[in-house]
Amino acid sequence: DLSCNDFEGIPIPSFIGSIGRLRNLNLSQAGFSGTIPHQLGNLTMLRYLGLGGTTTNYGYLDLGSIVNFNVLQLHGDNLQWLSGLHSLQHLDMLRVDLSKALDWLQVINALPSLTELHMSSCELKYVPPSFSINFTSLAILDLSCNEFESSVFGWMFKSPSFPRYQWM
């Protein structure tokens, strides 16, 4: 658990992916930035993965008022590195920039043990048309504060496990 530290924007060290027996990894709000290292996909015994971050607020003076805007610190261009994490039960990617990860739904759908998914404020936009999901073990789903271009509800309502979802 390295959460709530301030690593001052350094990348997540790739050597963490070589800690083979690791079952829980919490890097949430730890001040990491850059691309999520694909080596985390080597943690095949992982049950809990927390990468959720905070946004860095930058302010500037604009005619006497302070204007704030946020910069996402961690990002992932794809999520294929998650594919081997078959024991993963809890995934927190709050505020990780996944705007380029067009494979997010396919990869998440293939995680058989996932019970809790937090992907709020990830800049998700794309949902494949007529994609069939199988979230039979999923109990908590948080996709809030994203900007989906297509109807996200179409594939959710098709799921046989839909009534079990706890909406956040």
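Residues in segment 5-28 that are part of a loop (DSSP other than H, G, I, E, B) and touching a Lys or Arg at 6+ places or on another chain (Cβ under 9 Å): ARG23 alone. Residues that are touching a Cys at 6+ places or on another chain (Cβ under 7 Å) and modelled with pLDDT of 95 or more: does segment 77-91 have at least one? No, segment 77-91 has no match at all.
Among the residues of segment 115-146, those identified as aliphatic (A, V, I, L, M) and under 19 Å from LEU98 (Cα atoms) are LEU117, MET119, LEU124, VAL127, LEU141, LEU143. Taking the conditions (1) modelled with pLDDT of 95 or more; (2) open to solvent by less than 20 Å² (accessible area, probe 1.4 Å) in turn, ALA101 satisfies each one other than (1). In segment 99-120, what residues are out of contact with any strand residue (DSSP E or B) (no Cβ under 7 Å at 6 or more places or on another chain) and hydrophobic (A, V, I, L, M, F, W, C)? Scanning segment 99-120 gives ALA101, LEU102, TRP104, LEU105, VAL107, ALA110, LEU111.
The values are calculated or read from the model by the stated rules, or taken from the named source; none is laboratory data. Just so it is clear, the structure is predicted and the values come from calculations on it, not from any experiment. Note that we place each Cβ from the backbone using ideal geometry, even for glycine, and neighbour counts take in every protein chain shown. Ligands, DNA and RNA are excluded from the accessible area calculation, which covers all protein heavy atoms including side chains. Shrake-Rupley method; radii C 1.70, N 1.55, O 1.52, S 1.80 Å.
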